[in-house]
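J.: Dropping the structure in here first, questions after.
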């Protein structure tokens, strides 16, 4: 007779061992899940890192591998006066020849006799605006802009421009190609008033030139690093802005106006007008404004605005600077000059035959 221990030990187990095929299947399934998790985590990491890697590669491409723009195209501005110091110190000792065209009548005596010296400046601006509207349809130029944003002066932007002023039956249109800073070299933008739902069309530079961007001109992307939208570019818009500010300041009170009739910018003779607000009050949004008129072309082509000095006796701080140079008047720009499909431009996408 068997003992209880012997009987218990000979009984079959209550849970049979798993089949070897099932065990292998479970192991494979576990390995597959671990591999899938690793793959998904790796793919997610790549997706998270890809934008930074692309931006880094584009930075290297733009700043180290792409040839710098021709210095002749993006040369720095050279401004010289007939004598160092305020423009008013130059007016009495510079050329005594009467100034021609829209500048006629500008003199030390005229400024002294005027009820407000801004009256003389505004009369010049009105004549300049009439001259521009009657004689200039379009032009090609190089624009240099430098602005202070968030208490920091941004790098100067150099851009080749084609601009068609708004005339009867013809909308305002702009084409621009950035030359500097190097990070923007090659970026292009086009805007035509009343077309493309009011949007500009642009593309990025370098390795990021993958698609065309249709952007609102005053949206955060288009305005990044800019003080004014592209809709405000051009000689006529600049002159209109000067007139608006002049009329506003004239209505509030008086100011100091000086001029230098023998100033030069990039070797071209011009007249420099300086408008100064000694005190920060009322609507005044600048301490010193410098306005440049080209004597030959009879155009306002440059403006510099400065803030009040941070300390008494200190230097005025730059607020903004805009210059249009190498101006070719009335070249006869046509629709293709403002078309992203222009074969001479570098917009991505299929070009028309």
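J.: Under 6 Å by Cβ, and 6 or more places apart or on different chains, what pairs join a residue from region 101-113 that is in the same structural domain as residue 131 (by TED's automatic domain parsing) and over 27 Å from residue 134 (Cβ atoms) with one that is buried (at least 16 other Cβ atoms within 10 Å of the Cβ) and at pLDDT below 95?
T.: 108/91
J.: Looking only at strands (runs of 3 or more DSSP E) that fall completely inside region 125-209, which ones have 3 or more residues that are within 27 Å of residue 77 (Cβ to Cβ)?
T.: Per the criteria, 138-149, 157-164, 173-180, 188-192.
J.: Looking at 214, 196, 224, can you tell me which residue is at pLDDT below 95, more than 21 Å from residue 286 (Cβ to Cβ) and surrounded by fewer than 17 Cβ atoms within 10 Å (Cβ to Cβ)?
T.: 224 is the lone residue from the list that is at pLDDT below 95, more than 21 Å from residue 286 (Cβ to Cβ) and surrounded by fewer than 17 Cβ atoms within 10 Å (Cβ to Cβ).
J.: Working only within region 116-155, note down all residues that are within 27 Å of the chain's Cα centre (by Cα) and free of Cβ contacts under 8 Å to residues at least 60 places away in the same chain.
T.: Within region 116-155, 150, 151, 152, 155 meet the criteria.
J.: Follow-up question, since we're still on this one. Please go through region 167-183 and pick out each residue that is touching a residue at least 40 places away in the same chain (Cβ under 8 Å) and more than 16 Å from residue 141 (Cβ to Cβ).
T.: Selection gives 182, 183.
J.: Restricting region 211-240 to residues that are in a helix (DSSP H, G or I), without any contact (Cβ under 8 Å) to a residue 60 or more places away in the chain and in contact with a helix residue (DSSP H, G or I) (Cβ under 9 Å, 6 or more places away or on another chain), which is farthest from residue 298 (Cα to Cα)?
T.: 231
J.: Could you pull out the residue among 55, 49 that is farther than 30 Å from residue 228 by Cβ, surrounded by fewer than 16 Cβ atoms within 10 Å (Cβ to Cβ), at pLDDT below 80 and out of contact with any strand residue (DSSP E or B) (no Cβ under 7 Å at 6 or more places or on another chain)?
T.: Matching residue, one of 55, 49: 49.
The values are calculated or read from the model by the stated rules, or taken from the named source; none is laboratory data. Predicted model, so just to flag it, every value in this text is computed and none were measured. Using ideal geometry, Cβ is built from the backbone for each residue, glycine included, and neighbour counts are taken over all protein chains shown.
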